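Student: Before we start, here is the structure in question, set down as structure tokens.
Read the figures in this text as sums done on the coordinates, not as results from a lab. What you see is a predicted model, and the numbers here were worked out from it, not measured in a lab. Cβ: placed from backbone, ideal geometry, glycine included. Neighbour counts: every protein chain shown.
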Amino acid sequence: MKAKSFCLRLNTETAPQFIDITDWVCNCVKESCVANGFVVVYSKHTTASVRINENEPLLLKDMADFLERILPRQGEYQHNNFDVRTVNMNPDESPNGHAHLQHMMLGTSETIPLLDGAMQFGRYQSIFFIELDCARPREVMVQIVGE
């Protein structure tokens with residue numbers, strides 16, 4: 001059994017932003033020389049997610065609209081009350097309670113089975129890194145485990 005790890009550094013431009021990272025993950029699998037096992041794709045952030053879904057422009061718009069309806073950016077969140085909040089404050093702190101809650105709904109990672117050197121995707125599945133907060137540098141980790 002072996003494990004190979006990779007890190008993608010990217011700069012997001014807006015939120016929500018759905019970035020298709022499928023090709024990059026496929027290249028990681030190829031470089032890993034692991035044929036059978038699994039691939040974990042992981043967001044290192046609490047305001048950005050990794051999800052598998054269809055890369056269809058109207059669906060991506062629907063997903064962005066859904067996130068805004070469920071947890072609107074302009075909603076009232078205690079996390080955004082900088083007059084009261086004292087924990088994990090930074091000089092450039094962002095009022096991003098909505099992004100943390102959206103992340104809680106979407107999750108941090110996806111696991112994809114790996115068989116004979118190929119990730120086992122359904123017909124329309126793609127891997128997305130989803131920016132939920134604002135434009136900034138981000139990191140996505142991939143770990144490939146198997147034989």
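Student: Of the residues in the stretch 40-78, how many are within 27 Å of A3 (Cβ to Cβ) and among the aliphatic types (A, V, I, L, M)? Show your work before the answer.
Tutor: First, the residues of the stretch 40-78 that are within 27 Å of A3 (Cβ to Cβ): 40-46, 48-53.
Now narrow it down to the ones that are among the aliphatic types (A, V, I, L, M): 40-41, 48, 50, 52.
Matching residues across the stretch 40-78 total 5.
Student: Tell me whether the stretch 79-94 contains one or more residues that are out of contact with any Gly (no Cβ under 7 Å at 6 or more places or on another chain), buried (at least 16 other Cβ atoms within 10 Å of the Cβ) and at negative phi. Full working, then the answer.
Tutor: At the first step, the residues of the stretch 79-94 found to be out of contact with any Gly (no Cβ under 7 Å at 6 or more places or on another chain) are 81-94.
Then keep just the ones that are buried (at least 16 other Cβ atoms within 10 Å of the Cβ); that gives none.
Scanning the stretch 79-94, I find no residue that is out of contact with any Gly (no Cβ under 7 Å at 6 or more places or on another chain), buried (at least 16 other Cβ atoms within 10 Å of the Cβ) and at negative phi, so the answer is no.
Student: If the requirement is being within 20 Å of N27 (Cβ to Cβ) and either in a strand (DSSP E or B) or touching a strand residue (DSSP E or B) at 6+ places or on another chain (Cβ under 8 Å) (or both), which of these qualifies: Q143, Q102?
Tutor: Details: Q102 fails: within 20 Å of N27 (Cβ to Cβ).
Being within 20 Å of N27 (Cβ to Cβ) and either in a strand (DSSP E or B) or touching a strand residue (DSSP E or B) at 6+ places or on another chain (Cβ under 8 Å) (or both) holds for just one of Q143, Q102, which is Q143.
Student: For the stretch 118-138: of the residues being over 20 Å from H98 (Cα atoms) and of a type outside the set (A, V, I, L, M, F, W, C), which is surrounded by the most Cβ atoms within 10 Å (Cβ to Cβ)? Break it down stepwise before answering.
Tutor: Within the stretch 118-138, the first condition is being over 20 Å from H98 (Cα atoms), and the residues that meet it are 118-127.
After this cut, where a residue has to be of a type outside the set (A, V, I, L, M, F, W, C) as well, the list is 120, 122-126.
Working: Q120: 12, G122: 7, R123: 5, Y124: 11, Q125: 15, S126: 17.
It comes out as S126.
Student: Could you tell me which numbered condition I52 fails, if it satisfies all but one of (1) free of Cβ contacts under 8 Å to residues at least 60 places away in the same chain; (2) within 17 Å of the chain's Cα centre (by Cα)?
Tutor: (1)
Student: Can you spot a residue in the stretch 24-36 that is over 16 Å from the mean Cα position of the chain (by Cα) and part of a strand (DSSP E or B)?
Tutor: no
Student: Search the stretch 2-23 for residues being part of a strand (DSSP E or B) and charged (D, E, K, R), and hand back the single one that is farthest from A99 (Cα to Cα). Give the derivation first.
Tutor: The first filter runs over the stretch 2-23 and keeps only residues part of a strand (DSSP E or B), leaving 2-11, 17-20.
Checking the rest, the ones that are also charged (D, E, K, R) come to 2, 4, 9, 20.
Numbers: K2: 35, K4: 30, R9: 20, D20: 19 Å.
Result: K2.
Student: Looking only at the stretch 48-92, count every residue that is over 13 Å from F18 (Cα atoms) and of a type outside the set (F, W, Y) and tell me the total. Before you say what the answer is, go through the steps one by one.
Tutor: First, pick out the residues of the stretch 48-92 that are over 13 Å from F18 (Cα atoms): 66, 68-92.
Subset that is of a type outside the set (F, W, Y): 68-76, 78-81, 83-92.
Here the count works out to 23.
Student: So which residues in the stretch 51-78 are in a helix (DSSP H, G or I) and either surrounded by 14 or more Cβ atoms within 10 Å (Cβ to Cβ) or acidic (D, E) (or both)? Before the answer, list the steps.
Tutor: Narrowing the stretch 51-78 to residues in a helix (DSSP H, G or I): 57-70, 78.
Once the filter is applied, which keeps residues that are in a helix (DSSP H, G or I) and either surrounded by 14 or more Cβ atoms within 10 Å (Cβ to Cβ) or acidic (D, E) (or both), the stretch 51-78 yields L60, D62, M63, A64, D65, L67, E68.
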